[in-house]
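Structure first, then comments.
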Amino acid sequence: MTPSFSPLSSAVLLALATPAIAQASDALPTDKSVTELDSLEVQGDRIEKASSPKYTAPLLDTPQTITVVTREVMDQQGLIGLRDILSTLPGITFGAGEGGGGYGDSVNLRGFSASSDITVDGVRDSAQYTRSDNFNLESIELINGANSAYSGAGSVGGTINLVNKVARQGDQTTVTLGAGTDSFGRATVDSNFDLGDGQALRVNAMAHRNDVPDRDVEEYKRWGFAPSLAIGLGTDTRLSVSYLHQQDDNIPEYGIPYFAAYGGLLPGVSRESYFGYRNMDTQEVEVDVLTGIFEHDFNDATSIRNLARVQRVDQYTVVNPTQGTWCLDSGVNPATGAACASHGTFLPSGPRGTTRDTRNGLAYNQTDLTSRFATGSVDHSLVAGISFLHETYELDNGNIQRYPNGTTPVYPPMSLADPDNAYTGPVNYIRAGRTSGTLDNQAVYLFDTLEFNPQWQLGLGARYERNEGDSRVRAFNAAGNVTSDATFDNSDNLFSYRAGLVYKPAENGSVYLSYSDSRTPSKASVNGSCTLQTCGVDPETAVNIELGTKWNVLGEKLALTAAAFRNERQNYKVADPGNPDNPSGMQQLDGQARVDGVILGAAGRITRAWSVFANYAFLDSEVLQSVSDFVKESTGIDAQAGNPLANVPEHSGSVWTTYALADWTVGYGVNYQGSFYLASTDNAPQARSYTMHRAMVGYQFNDGFALQLNVDNLFDKQYFTRIRNNGWATPGAARSVVLTATVRF
């Protein structure tokens with residue numbers, strides 16, 4: 001589990017690094033003037049442009065809904081982990097448990113899985129792990145809608161892009177020290193050193209620990225550091241080299257019994273209870289990322305940029321899912337409604353002691369040529385690019401709770417009210433399987449914004465990529481002998497595109513109509529395994545149609561957005577049992593689903609003292625077809641057709657607002673998530689809606705010192721996330737209080 005980069009791989013990375021992050025400002029911003037910040041153009045508290053060079057127009061004129069969570073918004077609300085940040089954005093829910101690729105972030109966006117649609121600086125980050133800390137992030141961009149043209153294979157519901165900090169001109173150091181309830185302790189330092197002659201060094205570091213509020217066992221501990229060196233700042237040729245190392249040692253949250261028929265938490269169970277094994281459950285994560293970005297300006301209109309990255313993510317987990325047989329004090333099994341004899345008990349079963357040791361490797365290189373020119377009366381902002389991706393994946397999985405001969409111990413029952421969560425049985429790791437996989441992707445793409453006149457623009461984009469991967473899956477018996485050994489591979493040529501027409505009735509506003517699509521091959525991620533029934537299936541397709549408007553108002557200090565959209569999976573894989581014309585059982589691309597919605601947003605300042613960050617989403621989802629054409633025609637039955645999609649709240653929204661009065665700043669936020677179905681079947685259970693509040697008050701003693709007090713879940717609301725339909729969910733954190741001191745010099 002000790003990550004390292006060979007001298008060769010490091011040398012190759014730096015040799016490949018050939019245009020870099022957009023030029024930083026001449027000095028760190030000390031006022032609200034326009035500046036470039038880590039490739040994001042910032043004006044006041046608003047982001048003016050998405051970070052990726054593939055976006056050829058400002059956000060105001062980009063025909064797509066893009067929500068940017070700035071560093072300031074994250075710090076004001078005390079949001080640290082990716083799930084915490086995304087939970088404040090509408091239309092997002094989280095999966096429970098393993099999520100298919102291992103324990104970690106399992107994200108549903110606009111009704112569709114986005115776990116493999118997370119990028120860092122525009123580069124795919126497909127490993128499934130817990131992205132627990134934002135200490136090295138400048139912002140997070142939520143790009144909504146089918147998005148393969150920008151982000152590559154997949155991206156059915158959209159893409160989540162994390163924007164890293166990099167060195168820039170100017171000297172500044174920010175140190176934070178935080179302490180709070182539930183053993184919360186946190187220290188960060190962000191130091192940027194201007195070395196002169198266009199050179200700068202930036203160092204970010206973090207140490208953190210906390211228990212989970214109102215939970216008896218779970219805890220998070222981590223540390224990390226991220227140096228970044230830039231040369232050539234303020235010149236035509238610039239280079240930055242950045243490195244990130246982070247280590248986590250957690251007792252993960254796997255949840256407590258949740259049954260919608262009982263209103264969520266089972267009677268007799270406290271949300272503090274832990275039904276895993278506190279002396280065994282663990283999640284250890286090590287992340288190492290080395291990035292080189294080089295940029296050269298040929299002239300004012302043409303530049304070239306190259307990003308090269310190598311990355312490794314190691315994760316080791318031992319988990320005990322909250323799975324088994326429940327018997328309430330009333331003598332009823334809540335899963336079946338039948339009578340049971342062992343009143344007030346939980347008998348563990350299923351995958352107890354599940355052990356996974358994974359390693360993800362990534363090597364990536366992307367070159368973008370940007371040019372601004374005119375053809376006749378039409379102005380062009382064009383980006384042409386090429387990228388190469390190679391990923392590797394290794395998984396060793398089994399069970400640690402076994403006798404030496406591989407047999408399973410008999411688990412004693414636990415009390416519902418006071419579970420004995422210390423494991424005392426045998427400890428012997430018995431391997432169940434090994435999986436290894438590779439994924440290679442080569443892509444070329446072209447994006448152009450054509451400006452016909454001050455009122456009309458047309459945005460066009462296309463991507464062609466070759467995606468090929470393989471998975472070798474081996475199974476073992478208790479004696480360690482291989483019982484099966486199969487290799488599956490998949491390769492596809494993918495073409496995706498987008499187009500958006502923009503009308504500008506005024507300089508500070510736009511109205512747009514856009515169309516985009518996505519292509520999802522059977523081997524869409526390196527840690528996803530296609531099978532004999534899926535590897536030969538053509539790529540799935542999805543489209544997004546969006547009509548929207550964007551306005552910068554109040555002296556362009558406040559950005560307002562509104563959009564109506566349809567996100568439709570035109571075909572997805574479904575089983576095809578009994579079809580005589582399909583003897584191999586190959587799955588068919590006959591599934592269809594769609595989500596219609598409206599999304600609203602506001603970000604910026606209403607007055608000099610009053611700022612707001614607010615978003616709302618209405619989502620109307622529907623399964624159009626869930627069985628193959630053969631099954632539908634031969635049986636006349638499609639049980640899911642017409643039902644809502646799972647994990648899609650119809651209404652969700654959040655508001656965060658702050659008001660500054662002299663040296664004081666107060667902030668208040670409300671998050672609302674409506675109820676949603678846990679499955680697309682008839683009479684599926686529903687997760688209950690919830691509203692959660694948070695508050696902040698800060699005092700600025702002088703230019704260099706401030707205190708900030710955050711209260712999360714102000715009214716101690718009991719709510720649940722990451723809900724699994726077969727009986728467990730993660731309780732939302734109870735009320736917590738954190739005091740943070742910030743020193744700047």
Distance in Å, no decimals, from the C-alpha centre of region 493-518 to the one of region 589-632 is 17 Å
Can you put PHE715, PHE112 in order of Cβ neighbours within 10 angstrom, beginning with the fewest?
PHE715, PHE112
I'm checking a number: the convex hull volume of the Cα atoms of region 340-471, normalised per residue, in Å³. What is it?
230 Å³
If I take the Cα coordinates of region 182-310 and project them onto the principal axes, what are the three extents in Å, biggest first?
70, 31, 22
When all Cα-Cα pair distances of region 489-609 are considered, the percent exceeding 19 Å is 63 percent
For q values of 0.17, 0.20, 0.21 Å⁻¹, compute log₁₀ I(q)/I(0) with the Debye formula on a Cα-only model of region 441-534, without solvent.
-0.83, -0.95, -1.00
Suppose we look only past 24 Å in the calculated P(r) of region 247-376. What percent of the Cα-Cα pairs does that tail hold?
57 percent
Over all pairs of distinct alpha carbons, what does the Kirkwood formula give as the hydrodynamic radius of region 601-697, in Å?
16.4 Å
Compactness of region 538-635, expressed as Rg and Dmax over alpha-carbon positions, Å:
21.4, 70
Which length gain, in nm to one decimal place, applies between ALA261 and TRP456 when the Cα-Cα distance is subtracted from 0.36 nm times their residue separation?
64.8 nm
For percent of Cα pairs over 52 Å apart the list reads (i) 10; (ii) 13; (iii) 57; the calculated value is entry (i)
Percent of alpha-carbon pairs separated by more than 19 Å within region 631-745:
62 percent
Greater than 26 Å apart at Cα, pairs in LYS54/LYS221; LYS504/LYS557; LYS550/LYS717:
LYS54/LYS221; LYS550/LYS717
Say R0 is 35 Å: what FRET efficiency, to the nearest 0.05, do VAL666 and VAL743 get from their beta-carbon distance?
0.95
Gain in span if fully extended, ASP249 to ASP538, counting 0.36 nm per residue against the direct Cα distance
100.0 nm
One would report the antiparallel percent of DSSP beta bridges in region 118-226, rounded to the nearest 5, as 90 percent
Among ASP517, ASP485, rank each residue by its count of other Cβ atoms within 10 Å, from fewest to most, as a rough exposure measure.
ASP485, ASP517
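Throughout, read-outs are computed from the coordinates displayed, never taken from laboratory work. For clarity, every value in this text was computed on a predicted model and none was experimentally measured. In this analysis, Cβ positions are derived from the backbone assuming ideal geometry, glycine residues included, and neighbour counts consider all displayed protein chains.
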